[in-house]
Structure formats: structure tokens, C-alpha cells
Amino acid sequence: MSSYADGDVIPKASSRRVPRVRARLSRDGLSTVAFLVPLLVIFGLFSWFPIIRAFVMSVQDTNLVSEPTWVGLENFSRVLADPLFAIAVRNTAYFSFLALIIGFPIPIVLAVIMSEARRGKALMSALAYLPVVVPPVVSVLLWRFFFSASPTGVFNTFLGWVGLGPLPWLQTAASAMPSIVIEATWAGAGATVIIYLAALLSVPPELYDAAEVDGASIRQKIWHVTLPQLRGVLFVTLILQLIATAQLFTEPFLFTGGGPANSTMSILLLIYHYAFQNSLGGDYGMAAALSVMLAAFLGVFTAGYFWLTRSWSTSS
Amino acid sequence: MRLPSIRRGPRRRTQDQADRGIVSAADWRRGRIRWAMRIIHGATLLFLLLVGLGPLLWMVKSSITPTQDTLRLPMALWPHGFDIGQLATAWSRTHIDRYLLNTIWIAAGSWLVQIVVATTGGYALSVLKPRFHRVLSGLVLATLFVPTLVLLVPLYLTVVNVPLLHLRLVDTFWAVWLPAGASAFNVVVIKRFFDNLPREIFDAARVDGAGPFQLFWRIVLPMSRPILGVVSVFAVIATWKDYLWPLLVLRNPNLQPLSVRLPTLQPTTDLGVFIAALTISSLIPIALFLIFQRFFLRGPGLSGALKG
């Protein structure tokens, strides 16, 4: 029923609202309303309302004891003045950058090779995807042993075999973030490989035939046919990866807790600290302000993603 | 985040039709290229075995290796024999059995709420079409634009005190179950599937006297089994992977799922027993993946949904 209550979304809702609502009810029928109730209640309470509340909270001083008070942009200025904010932005950007350098080319190379295989393609895609279904908490806790800084740690044992190391991995500010990127790439690359494999199937074979008539080698075919044909998909996965990396949380939270020396403090970790790890009670206003800033920044990418995929589905 | 088209477009070729790729038939006949390709593929397969399966095999191995051996010689295969007992210790003394049951409860409830909301909502928006169904669909779609992290704090305050109803859901499974239902992705995917069902069947059913409820229960749902299967498997795996949200809303250790308990158990648990607990925690998602591989590996769109 709540849909009829907030009639503001319907244009031309005026003083004649009551009879109009009755007319709608009789046309749509009670059964239609009944089918809409779960969606309206759940989305209303747990999606639409919290979204609006995020914006409201960002300009309020909220605690769970007294009534919220209007503070204008004070939450935003307090976040911007926090020295941890600049550190968190820099760390998150650094993570996205490293994840891009390491995590972007690997799935492309794997997918191109796998798509040419005559046997074992199913086995290879299953192996590539396997890490994606392992719960992230399990992956992180497992990789903490791999990253053990002692000479008998798993990775340091490997390095010892070839006469290198031991490396400190998560223990120093310089190597903590790259270590996290390695684990995150392992955990996420498989999903991207599957997207590329599907995209490779949609490359028209005539293009390869035509390239061969012109005497193109295998390398030239990859460079001048395959990659340009994948351009759109590559751009979309790039955007999705940026959106995902900007919300980095579980890995630094469980690997390092943001340390050492704040070198893995991410934006979402900072939001969590503001709201839930404050000994003076949660500063929900600052947390909301930082969330809104990041959402606005990511909104640009998300809009680009939707615009791109929308124009595909209508053109093809 | 991705919006897949479940039905394959006429343009997309299936696996068997892909008669050629980058390497032409003429290339394949040349010995040098054939051998180079074999070596490349062998190396790729080896790489994927090592990287994709290797860490998980190490986890299984270490869960039945005595702790001291894992610490001193992590790569050695059972220098001093097995310790199968670690699995039993993890199961009973570390109470992995209880946390596994919590996880299953949380996943089952989240699944049910998601399916109910997405099927009834998708049916109303796609088939019954009330007056402002376009506005509503737009409002549902719009939530896809909002990154989940924006909702973290306001959603937390919402389950602390649900507006209008004034309920406190914290430390009940409802705090995880109900917000799980607000998945725009599910609604959009299921609505698109319903949009593609043949309208003639609906008309025929109406002529035969079927009301909206019978149409939904007897015709639309049975025809939607494939998409419901896909959405269900993804819903269960996504719940299994969830960490931050249950950490926030389930503070009572007796209610927490595996993902929340494991990090707190680690400092007080023997290493071998702990790795055994990790192994037990991964069994169900991996089994689901192996059984329903085609859902994950064939649909290019849905696999992206798990990342966010």
C-alpha cells in the first residue's frame, strides 16, 4: 500500500488524489498490489530509504542518543581536514593502480590463449574460476600463511629454492600493498577471464579470414583484429574493476588492519573506523560524508558503464 | 553490477559453432605452429593448476598435516605422517559445526527473501504492469548505480531501529535476511526473463479462467526454473562470501557465520586445526561451483555479479 501513499513520484498528483487512487486500485486490482508489497517494503526500508538517509546524514550530526542536528557541510570539511583522509585516498588509488597493472593484462592473455585451445578448455576455465568461489575471508586467512615473513613461510620457501629472500611481505609499509594486490588478483581474475572468453566468441570469424587474405601473422591478427574487437568489453571490465577496487575492505582489514604505518588504510576502512571503531561513539556524520564523496566520484564511472552497455544492447 | 541478457542473442555463436579462432586451419597444419601452440597450452594448463588449484590443495594438505610440520616445512608432503584428527577437532571443539549451521541458515533465509522479492516484484512489473510500473522499475534500476558502501552506515542505523516499525534487528538473522532481498540485480534479471516469456500462454491461461495468483504459481514460476536456478546458486554463494555486513549486525558469537568467526578464532586456535576449519568452510561453495559449473562459466554477465 505504501506505493499509493508516496504519490509524489506520480506526475499530476493533485488535490484530486483520493478519487484517483481509488480508480487506480480498482484498475490494478488488489492482487497486483499484493505482488508488489514484498518489493516495495524491502526496497523501501533497505535500499531507497538508506540511500536518501546517507545524503541527509552527511549534513547532520547523528548519534544514537539525541536528535540529529543540522551542521551543513561541517562533516565534509572535517573529513577533508583529517590527515588519514589523504592517506586513505592515496592508498586506495595506489591499490587500484597496482591492481590494474597486474590484474588487467593477465586475464586478457589467459583468455586469448584459452580460447585457442582445442582440448581442455572447460578444465582450464574451471581452474581459472575456482579461486573466485572461495570465500574471501578463507582466501585472506590462507594467504596470510603464504605471506609469512619467516624464512619457512610458504612463499619464502619458494624464494629460498632459487636463492632469494626471505621477503617481509605484509610486514613493511613498502611491500604490504603489493602483497595485498597479488592476493586480490588471484581471487578476482577468474571472473574476468570468463567474461573475455565469452567476448572472444563474438568476434566475427570473417575478420580473421580477411586478415589472412592480407597476409597477417598470428601476432598481427591478435593486435589488429582481436584486441580492437574486445575494446568495448575491455573498457567495461576496466570500469567495473575501478569501482570494485575503490571499495577495498576485507583484504586490508584482515591482512594488516590498515597497517603497517597506515600503508594499507583504504577509504572504506576509514569509513568503518569513523562509524564503528570510535571509542567516543560512532561518528556517523563523517562516515556518511566520506561515503557520499566516494559515491559521487564512482557515480561518474557507473554512469559511463551503464551508458556503454545500454548503447550496446540497443545497437546489436 | 552487470546486466546480462539471459537469452543468447542470435548473433552470439555457441562453443561448437566457433569453428575457427585466431589461429587458422592452415596455421594448425604447420608443424612449427602446432608444436608452439601445444607448448603454450601445456604451460597455461600447468600455470592454472599451480595457481588456481595449488593454494587450495595446500590448504587440504595442511589440514591433515601436524602443525609443527606445516610451520617448519610448509611445502613438504607429510614428513611425519598425517593428523586426520585436526578435522574432527575443528568440527567439534572449535564449534565449526555450529558456525557452519549458522552460515547455512543465513544463506537459506537470504535465498528465500531474495527469491520471493525478485519473483513477485518481477511478475508485477513485467506481467501485471500497474500504472506506474515504469517509474518503479526505474527506481529499482537506479539502486544499481549506488555503490554498496554508501549504504553501509545508513543501512546499519536502519536495522538498529527499523523506521515505522521500530524494531531492533541487530543480533537476529533478519538483519541479514531482509536487506539481502533488496537486490536490484535479481529483480532486473528475473524481470527480463519474464519479459521474454510468450504472452500467448498468459492470454490462453486467462481465457481458461486463471487469476493472477494461478498464472504466477502454475505458469510463470514453472517456466522460470532455469533462471531461478541461476539466481539461487549465485545468491547462496554471495551470502557465503559476505563478511562486512554480518560482522556489523551479528555481534553475538552464537549467531555468527563462518566468515565472521574464522578471523576471531585464529589467535586462539592451533594452526593445523585452524587450516582444517578453513578447509571445511570452503567445501560447500566449491561443491556448488563444481555441480553448477555451467552457470558460472557459460553466462558472461552473471559471473561479474559476484565480484561486487
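Some points to look at:
Here's the yes/no breakdown for (1) more than 11 Å from chain A (Cβ to nearest Cβ); (2) surrounded by 14 or more Cβ atoms within 10 Å (Cβ to Cβ); (3) over 30 Å from B:Leu297 (Cβ atoms); (4) out of contact with any Gly (no Cβ under 8 Å at 6 or more places or on another chain):
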site: B:Leu144; (1), (2), (3), (4): no, yes, no, yes
site: B:Leu149; (1), (2), (3), (4): no, yes, no, yes
site: B:Arg192; (1), (2), (3), (4): no, yes, no, yes
site: B:Ile201; (1), (2), (3), (4): yes, no, yes, yes
site: B:Pro222; (1), (2), (3), (4): yes, no, no, yes
site: B:Ser232; (1), (2), (3), (4): yes, yes, no, yes
site: B:Ala238; (1), (2), (3), (4): no, yes, no, yes
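- Residues of region A:50-92 satisfying the condition of being aliphatic (A, V, I, L, M), more than 10 Å from chain B (Cβ to nearest Cβ), surrounded by 15 or more Cβ atoms within 10 Å (Cβ to Cβ) and assigned to a helix (DSSP H, G or I): A:Val79, A:Leu84, A:Ile87, A:Ala88, A:Val89
- For region B:262-280, the criterion of being away from chain A (no Cβ under 11 Å) and closer than 19 Å to B:Val116 by Cα is met by no residue.
- Taking region A:109-126 as the range and being within 23 Å of the chain's Cα centre (by Cα) and surrounded by fewer than 21 Cβ atoms within 10 Å (Cβ to Cβ) as the test, the residues that pass are A:Val109, A:Ala126.
- In region B:76-93, the residues that are β-branched (Val, Ile, Thr) reach residues that are in a loop (DSSP other than H, G, I, E, B) with C-beta atoms within less than 9 angstrom, at least six apart or across chains, in these pairs: B:Ile84/B:Ile64; B:Thr89/B:Asp270.
Per-residue answers, yes or no, for (1) closer than 20 Å to B:Gly121 by Cα; (2) under 24 Å from the mean Cα position of the chain (by Cα); (3) β-branched (Val, Ile, Thr); (4) not assigned by TED's automatic domain parsing to the domain that holds B:Trp240:
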{"residue": "B:His133", "(1), (2), (3), (4)": "yes, no, no, no"}
{"residue": "B:Gly138", "(1), (2), (3), (4)": "yes, no, no, no"}
{"residue": "B:Leu141", "(1), (2), (3), (4)": "yes, yes, no, no"}
{"residue": "B:Leu144", "(1), (2), (3), (4)": "yes, yes, no, no"}
{"residue": "B:Val150", "(1), (2), (3), (4)": "no, yes, yes, no"}
{"residue": "B:Tyr156", "(1), (2), (3), (4)": "no, yes, no, no"}
{"residue": "B:Leu167", "(1), (2), (3), (4)": "no, no, no, no"}
{"residue": "B:Phe173", "(1), (2), (3), (4)": "no, yes, no, no"}
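- Test: residue in region B:194-211 that is polar (S, T, N, Q), closer than 30 Å to A:Leu268 by Cα and either in contact with a Pro (Cβ under 6 Å, 6 or more places away or on another chain) or in the same structural domain as B:Trp105 (by TED's automatic domain parsing) (or both): no
- A single entry from A:Ser47, A:Ser31 fulfils the requirement of being at pLDDT below 95, within 20 Å of the chain's Cα centre (by Cα), within 14 Å of chain B (Cβ to nearest Cβ) and within 30 Å of B:Trp217 (Cβ to Cβ): A:Ser47.
- Cβ pairs under 7 Å, 6+ apart, first in region A:74-91 and not assigned by TED's automatic domain parsing to the domain that holds A:Leu268 and at pLDDT below 90, second assigned to a helix (DSSP H, G or I) and surrounded by fewer than 17 Cβ atoms within 10 Å (Cβ to Cβ): none
- Odd one out for A:Thr157, checked against (1) surrounded by 18 or more Cβ atoms within 10 Å (Cβ to Cβ); (2) touching a helix residue (DSSP H, G or I) at 6+ places or on another chain (Cβ under 7 Å); (3) within 8 Å of another protein chain (Cβ to nearest Cβ): (2)
- Restricting A:Val203, A:Val213, A:Val233 to those that are under 24 Å from the mean Cα position of the chain (by Cα) and hydrophobic (A, V, I, L, M, F, W, C) reduces the list to A:Val233.
- Within the set A:Tyr274, A:Tyr284, the sole residue that is surrounded by 13 or more Cβ atoms within 10 Å (Cβ to Cβ) and at the interface with another protein chain (Cβ under 8 Å from one of its Cβ atoms) turns out to be A:Tyr284.
- Each residue in region A:228-257 was checked for being free of Cβ contacts under 8 Å to residues at least 60 places away in the same chain, more than 9 Å from chain B (Cβ to nearest Cβ) and not in a loop (DSSP other than H, G, I, E, B), and 3 pass.
- B:Pro285 within 8 Å of chain A (Cβ to nearest Cβ) and touching a Ser or Thr at 6+ places or on another chain (Cβ under 6 Å): no
- In region B:251-270, the residues that are surrounded by fewer than 18 Cβ atoms within 10 Å (Cβ to Cβ) and in a helix (DSSP H, G or I): B:Pro263, B:Thr264, B:Gln266, B:Pro267, B:Thr268
- Here the helices (runs of 4 or more DSSP H) wholly within region B:139-250 that include at least 1 residues being under 29 Å from A:Trp307 (Cβ atoms) and among the aromatic types (Phe, Trp, Tyr) are B:184-195, B:225-241.
- Of all residues in region A:92-102, those satisfying the criterion of being more than 14 Å from the chain's Cα centre (by Cα) and touching a residue at least 24 places away in the same chain (Cβ under 8 Å) are A:Tyr94, A:Leu98, A:Ile102.
- Any pair with Cβ under 7 angstrom, 6 or more apart, that starts in region B:114-138 at a residue that is facing another protein chain (nearest Cβ under 7 Å) and ends at one that is in a helix (DSSP H, G or I) and among the aromatic types (Phe, Trp, Tyr): B:Thr120/A:Phe35; B:Tyr123/A:Phe35; B:Tyr123/B:Phe194; B:Tyr123/B:Phe216; B:Ala124/A:Phe35; B:Leu128/A:Phe35
- Filtered residue count, region A:258-271, keeping only those that are at negative phi and more than 7 Å from every other protein chain (Cβ to nearest Cβ): 9
- For A:Trp223: the one exception among (1) modelled with pLDDT of 85 or more; (2) not in a helix (DSSP H, G or I): (2)
- Among the residues making up region B:78-92, a single one is within 14 Å of chain A (Cβ to nearest Cβ) and modelled with pLDDT of 80 or more: B:Ala90.
- Screening the candidates A:Val236, A:Val193 for the property of being under 16 Å from A:Val109 (Cα atoms) and buried (at least 19 other Cβ atoms within 10 Å of the Cβ) yields one hit, A:Val193.
- Residue ID - nearest to the chain's Cα centre (by Cα), chosen from residues in region B:269-291 that are without any contact (Cβ under 8 Å) to a residue 60 or more places away in the chain and within 15 Å of B:Leu57 (Cα to Cα): B:Ala287
- Selection within region A:192-220 - β-branched (Val, Ile, Thr), at the interface with another protein chain (Cβ under 10 Å from one of its Cβ atoms), within 16 Å of B:Arg20 (Cα to Cα) and assigned to a helix (DSSP H, G or I): A:Ile218
- In region A:113-152, residue nearest to A:Thr256 (Cα to Cα) [restricted to those that are facing chain B (nearest Cβ under 7 Å) and not in a helix (DSSP H, G or I)]: A:Pro135
The values are calculated or read from the model by the stated rules, or taken from the named source; none is laboratory data. Keep in mind the model is a prediction, meaning the values are calculated, not measured. Here Cβ is always computed from backbone atoms with ideal geometry, including for glycine, and neighbour counts include all displayed protein chains.
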